[in-house]
1. What do you reckon, is Leu411 farther than 18 Å from Ala134 by Cβ, away from the ligand (no atom under 16 Å from the Cβ) and open to solvent by less than 10 Å² (accessible area, probe 1.4 Å)?
2. Restricting the first residue to the range 437-458 and requiring it to be farther than 20 Å from Phe473 by Cβ, which pairs with a second residue that is of a type in the set (Gly, Ala, Ser) meet a Cβ separation below 6 Å and a spacing of at least six or different chains?
3. Among helices (runs of 4 or more DSSP H) lying entirely in the range 322-407, which contain 1 or more residues that are under 27 Å from Gln434 (Cα atoms) and within 16 Å of the ligand (Cβ to nearest atom)?
4. Name the residues in the range 447-500 that are open to solvent by 80 Å² or more (accessible area, probe 1.4 Å), within 30 Å of Glu376 (Cα to Cα) and not basic (Lys, Arg), would you?
5. Condition first: crowded, with 21+ Cβ neighbours inside 10 Å, in a helix (DSSP H, G or I) and not aliphatic (A, V, I, L, M). Now tell me which residues in the range 87-111 satisfy that.
6. Can you find, within the range 450-472, the residue that is modelled with the lowest pLDDT among those that are among the hydroxyl-bearing types (Ser, Thr, Tyr) and over 16 Å from Val415 (Cα atoms)?
7. Could you grab me the full set of residues in the range 242-261 that are open to solvent by less than 40 Å² (accessible area, probe 1.4 Å) and among the acidic types (Asp, Glu)?
8. Do you know which of the residues in the range 223-248 that are within 15 Å of the ligand (Cβ to nearest atom) and assigned to a loop (DSSP other than H, G, I, E, B) is farthest from the chain's Cα centre (by Cα)?
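The values are calculated or read from the model by the stated rules, or taken from the named source; none is laboratory data. Keep in mind it's a predicted model, so treat the numbers as computed, not measured. So basically every Cβ, Gly included, is an ideal-geometry build from the backbone, and we count neighbours across all protein chains shown. Note: accessible area is taken over every heavy atom of the protein model, side chains too, but ligands, DNA and RNA are not part of it. Shrake-Rupley method; radii C 1.70, N 1.55, O 1.52, S 1.80 Å.
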Amino acid sequence: MKNILRYVWLAMATTAVTSHADAQWTGPKKQATEKVEVKYGTLTPPHRTDADMQAFRSYGLGQFIHWGIYSIAGNEWNGVSARGGAAASEWIRSWGGPTAPKDWANTYDNLYKQFNPKNFDAKRWARQAKEMGAKYVIFTTKHHDGFALWPTKYSDYSVSASPYKKDIVKQIVDAYTAEGIDVYLYFSVLEWNNPNYMGKAPKTDEEKARFDKFLQYTRNQLLELLNNYPKIKGFWFDGTWDASWKSAYEFTYNLERELREKHPGLIIGSRFRNDEHGSRHFDSNGNILGDYEQGWERKLPAEFEWLNGNDWDAVMTIPPNGWGYMKDWSGIYTKTTDDLLDMLMHAVSMNGNFVLNFGPDGNGNMHPEEDKLAKEIGEWVKQNAEAVYGVRHAALTPSKLGYFTQKEDSLYLTVFNKPVNGIVRIAVPKNATQVPGSAALLLNNKDLSLKQSDIGLDLDKNTYYDVTLPKDFQTNRAFVIKMKLVAPKAKSAKLMDAKM
Ligand code: FHN
């Protein structure tokens, strides 16, 4: 009976998680028809210009690391896969149904007694991230199971109680900062096995008293993290979709303000809180709550306009889902280097950062596939860094061949789909004040033939520039064409309008 109940709970929990995936992430943002009064709305200007936020805008590529007790299990137990029994590998505590081991939650809650990652080396991870080209890392201090990877004073369920004992968060912060990689701390608000946590909004006096204790515990841990690790640049909040947290909008408003006052320049994403009307990520008038959109999780915007000019990052798993370590990658599609480079350039072409998730095992080793992908991504990013970092969206018709990025008068086209005729055609508005004046292959600076082509499509607002690729140019990866933008010379010929 218990297993069935847990299964029902899992189904509900999963629904709860998926139900917060609002339409705002799969289309243009709904514009508020009429303004409403919002008292607990945004606390920072939507486009901060301080150095920390400017750095955020230039990151391009980041690394996410999900590491914790779930990493010991690796999405299976005693040879039985949790696939289909748990919503994701880092959700394995909620494993239910016919495959779940007997008394599993209790087994899981005692796994911390085995947590002793003998191969953990934060400096090795940081070196790998540096070689991959990551400019920031988001590291799980505590996931939904509540196990803290730092020696928190506010909970017994932490690394201090494990055989490992040492402060993992400190090692990560020090190692990544030493490599010049900014550190953001992932923090799950919800805690499945905290007796004072509840999913529903507290109603009775007893529930309110209990949840207030939980809110204070959350505030204490966040202030503790800022005190312990002053070098961090931001928080990446998660687990904030339950009615209980949503009902605490005054508390969360004041907590965000306190965190920002304590740590000037702190960067907090839109997933932290909601306004008094329950509107999350954006207040009820459509203003972003936080410094950047934090809803692009395993999804990317199809159109630049959907972002309304907000900063954003997209976090991505290599397997279809599953952020914590999975021992077995067989039988599922895992993203290739080309897939991930496409997603990276998709994101940076729309002024976003792309954050790739790694799920190390319980001993501190990355999955061998993760090592391979990190190496290959790093090789490509190193060769094409100019087109990836510190670039912005180019106001051009999106190309079917790849992604545009721009930095002042340099225009880059990262080509993923090499045209069969060897001609890369770029559409430029006829009234553009800057047009391609020269073109070269970024990888070897070899000049490429570039000519304007007025195709004569009637009523066409664009003219075209054709870049011809060398006939012998072969590549098995995306390549970048770098163009210099100049004032237009030739005027487009005035052609007779089609008569029909
Ligand atoms: O429930 C979590 C999940 O385990 C994982 O941490 C992702 C990563 O951002 N966030 C939540 C699902 O949206």
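1. Values: farther than 18 Å from Ala134 by Cβ: yes; away from the ligand (no atom under 16 Å from the Cβ): yes; open to solvent by less than 10 Å² (accessible area, probe 1.4 Å): yes.
So Leu411 fits the description; yes.
2. Partner pairs satisfying both residue conditions: Gln452/Ala490; Asp454/Ser492; Asp454/Ala493; Asp458/Ala498.
3. Filter on the range 322-407 gives 337-349.
4. If the condition is that a residue be open to solvent by 80 Å² or more (accessible area, probe 1.4 Å), within 30 Å of Glu376 (Cα to Cα) and not basic (Lys, Arg), then Asp447, Asp472, Gln474, Asn476 are the ones that fit.
5. Answer for the range 87-111, where residues must be crowded, with 21+ Cβ neighbours inside 10 Å, in a helix (DSSP H, G or I) and not aliphatic (A, V, I, L, M): Ser89, Glu90, Trp91, Arg93, Ser94, Trp104, Tyr108.
6. Among those that are among the hydroxyl-bearing types (Ser, Thr, Tyr) and over 16 Å from Val415 (Cα atoms), it is Ser453.
7. In the first step, residues of the range 242-261 are kept if they are open to solvent by less than 40 Å² (accessible area, probe 1.4 Å); the result is 242, 244-245, 248, 252-253, 255-256, 259-260.
Those that are open to solvent by less than 40 Å² (accessible area, probe 1.4 Å) and among the acidic types (Asp, Glu): Asp242, Glu256.
8. Asp242
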